[in-house]
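One structure below.
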Amino acid sequence: MLTFNNVNSVFRVMQRVVPLGHVGNAEEIAHAVLFLATDEASHISGVCLPVDSGVTAR
């Protein structure tokens, strides 16, 4: 069963292992989404854009 203490433990571990040193929050994810909705992203298609604090770049 997932408890508050378990979630906090997982979060602390993730903070230590992500390359950028912090786990992204909803606002940071929203910035990527908003960028993709702008004209500046008009030529971006068919690509996976990881917003994961550098985890997939390792």
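The values are calculated or read from the model by the stated rules, or taken from the named source; none is laboratory data. Keep in mind that what you see is a predicted model, and the values were worked out from it rather than measured. All Cβ positions, even for glycine, are placed from backbone atoms using ideal geometry, and neighbour counts span all protein chains on display. SASA here: full protein model, heavy atoms, side chains in, ligands and nucleic acids out. Shrake-Rupley method; radii C 1.70, N 1.55, O 1.52, S 1.80 Å.
Helix 26-36 against the longest principal axis of the chain: what's the angle in degrees, Cα atoms only, rounded to the nearest 10? It works out to around 20 degrees.
For the chain, the longest principal axis of the C-alpha atoms and the axis of helix 4-17 are separated by about 60°. Taking the average, over residues, of other Cβ atoms within 10 Å as the packing measure, peptides 19-32, 41-54 rank 19-32, 41-54 from highest down. Think of each Lys and Arg Cβ as +1 and each Asp and Glu Cβ as -1; about the Cα centre, that makes the dipole of the chain roughly 420 debye. One decimal place: the segment Leu20-Ala57 gains 12.2 nm when fully extended, by the rule 0.36 nm per residue minus the C-alpha distance. With all protein chains in place and a 1.4 Å probe, the accessible surface of the chain carries 63 percent carbon and sulfur.
Excluding ligands, DNA and RNA, the accessible surface per residue across region 5-58 is 81 Å² with a 1.4 Å probe. Straightening the chain between Glu28 and Asn8 buys 5.2 nm, computed as 0.36 nm per residue apart minus the Cα-Cα spacing. Kirkwood radius and radius of gyration were both taken over the C-alpha atoms of the chain, and their ratio Rg/Rh is 1.10.
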